Every structure is written in C-alpha cells, then in structure tokens.
Amino acid sequence: MKLLERDLEVVLFERDRRKVTLTPAGAEYLKHARSILESAEIAAHSARQAGLREIGPIRLGYSVSALYSSVVLNAIAELRRLHPGITIHFTEPTTRCSIRALLAGEIDGAFVRGPLPRHVDRWGSDRVILLATEPLLVAIPRDHRLARFSSISISDLQDEPLLAISNRLRTTLNERLAQIFSDENREPKVVMETQEFSSLLGMVRAGVGVAIVPEAVTEPRSIHVSFKPLDAHGAHIELYMLLPKRIPTAISRLRAILHAQRTRMSSRPDRVHEARGNRCVEPARTTCNPPSRRPAGSSRLIRNLRPGPTRTR
C-alpha cells in the first residue's frame, strides 16, 4: 500500500498503533477501484458468452443405439461441463439418413453404427472416427433354457422366437444380423418388432422372445434378463463418429474430448489400441474376424429379418 501511495503521491490511509482508516483521498480511490472491478467482471462474463456463441449451437445425429454408449454420453457431458451455455440439438435418423444429412449440411456431426457404406470409408480417419467395437449379446429371460450356456450360437436360436428393432427403421444392426443369419444358412423367426431397445428388453423380460443387441444397450443390467455372447462370425457392431468437411469449433472440441478419452482407455489393460490413425477399439468378448462387406444381394438378406405370420404387436 505504501508503494501505491508513493505512485499516487497521496496518502490513502491514516495509521496508528491500533487501527488503519481511509483518508478522504483513500475513500475516493476505493469507490473507483470497486467500479473498475465490477466492470472487469462484466467484461469477463460478456467474453465468456461471446465464446459460447462462437462454438454453438450444434446439431448432432445419432443412430438408435448410439446414445446408450458411455463413450458418447461421457464426451457430451464433458463438452457441456466445459461450455455450460452450449445448445445441442439431437436428431435420430438412421446411419444412412445421418450420412445424407451430414453431406447436405443439415447436421454438424453424427454418432452412427456400422457397417458403413463404401463411399464413407473413403472419407479418411479425420472424418470417420471408430469409437468402439461392441460384441453382440443375446438377451434372454433369466429362467430360459439357454441361460445356463456361456455363449449362444445361431443354431441354438433356430427355434427361438426373435424380437427385433423395426425393419422400417433400416438400421445397420438389422443389416448385420441378416448377414450373420445368412452366413449360417439360417432364417430368423421374428415374432415382434419394436422401435426402441427399452421396449425390446421389456418384451424379453416378459418372455415374449429373445433378442440380439449391442453391448451398450444392456446397461443397466436387469435381474430378470440374462445376456450371453453371440458365438458367430461377425458378432459385433461398430460405433463411429462422422464429421463434415468443414468442422465447426464445437465439434472440433467434442472430437478432442473423445480423443482424450480414447487415449486414457488405450492405456488401460482391458482396452486395445489399434494402429488405425487415431482410432481406439474396445475388444469384443468373443473372438471374431473383421466384418465382411455387404454383398450385392443385401436387400434380400435384410428381408430375412421380416416377421413371419406369428408377428404380434
């Protein structure tokens, strides 16, 4: 304070052995100092708000099961923690609709399930980021005859009523399941379709049938439903983040958060880091080969998942 008084060439405080009080000059200086501090706080708040407007709002597309993934949910939560004023608009198209919306500039990014169309594979690792590869699990009632099995094959499901996500949604999960059943020369016996995984698992619990689902949708686990690895070639499904050519600031920050998460995951002994640029993959619980390309007759394979005459609503 004495240095300040020396710089101002004025006495701001009266001092004695018992107390220190402001002089009239000191009181006047304090009034203006408080005003300056308030203005600085207002300026900082305005700068923060301007920064938020700079990075938002953003529009994200997602496939039906993508937002069950803790990888995606944790990244979005971290983005909101860092930028609490950001606005995020979510839309739920299929993988292919998300790709079209991304190309048309209608969304700023998308979390989608594989397999991806060939032309998207050529976008490059900067725009196609593999977040996880999840095993496909068979959901069965706890008291089901297959509940004692450590894993379940397609042949084990031959006579089982199968519950599925609606074929009208044209999900890549149905494409993958159609391919798996076709590879085994089996035809699924679909008895019921639903548009949501929560309804699907509810019907499993009620004993209506069994279902094949990505690992992410099995959390939180129900005490009434058991989940077993599907023992079949290609019994896994990928989760990707797709980005546009011109990446908005907020999406760039979300990508950085995901990259940091994958770096942490790759350092853990229960995670595998693949040498695919910046891609990190969660290993499947069952050993399986990389997914094969969809054959030219894939539309016929998808029709295998259409319900038979025993279909109920």
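A few points about this structure:
- Boolean, Ala132 is surrounded by 19 or more Cβ atoms within 10 Å (Cβ to Cβ) and aliphatic (A, V, I, L, M): yes
- Total residues in the stretch 146-164 satisfying the condition of being assigned to a loop (DSSP other than H, G, I, E, B) and either aliphatic (A, V, I, L, M) or not assigned by TED's automatic domain parsing to the domain that holds Glu196 (or both): the figure is 1.
- In the stretch 165-206, the qualifying residues are those that are assigned to a helix (DSSP H, G or I) and polar (S, T, N, Q), and the one that is surrounded by the fewest Cβ atoms within 10 Å (Cβ to Cβ) is Ser198.
- Residue that is surrounded by the most Cβ atoms within 10 Å (Cβ to Cβ), among those in the stretch 207-226 that are farther than 20 Å from Thr171 by Cα and within 22 Å of the chain's Cα centre (by Cα): Ser222
- Residue, surrounded by the most Cβ atoms within 10 Å (Cβ to Cβ), within the stretch 227-249, restricted to residues that are under 14 Å from the mean Cα position of the chain (by Cα) and not in a loop (DSSP other than H, G, I, E, B): Ile237
Per-residue answers, yes or no, for (1) touching a residue at least 12 places away in the same chain (Cβ under 8 Å); (2) within 24 Å of Glu184 (Cα to Cα); (3) touching a helix residue (DSSP H, G or I) at 6+ places or on another chain (Cβ under 8 Å):
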| residue | (1), (2), (3) |
| --- | --- |
| Ser199 | no, no, no |
| Gly207 | yes, no, no |
| Val210 | yes, yes, yes |
| Arg221 | no, no, no |
| His224 | yes, no, yes |
| Lys228 | yes, yes, yes |
| Arg246 | no, no, no |
| Arg253 | yes, no, yes |
| Gln261 | yes, no, yes |
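The values are calculated or read from the model by the stated rules, or taken from the named source; none is laboratory data. None of the values given here were measured: they were computed from a predicted structure. Neighbour counts are summed over all protein chains in view; Cβ atoms, including those assigned to glycine, are modelled from backbone coordinates with ideal geometry.
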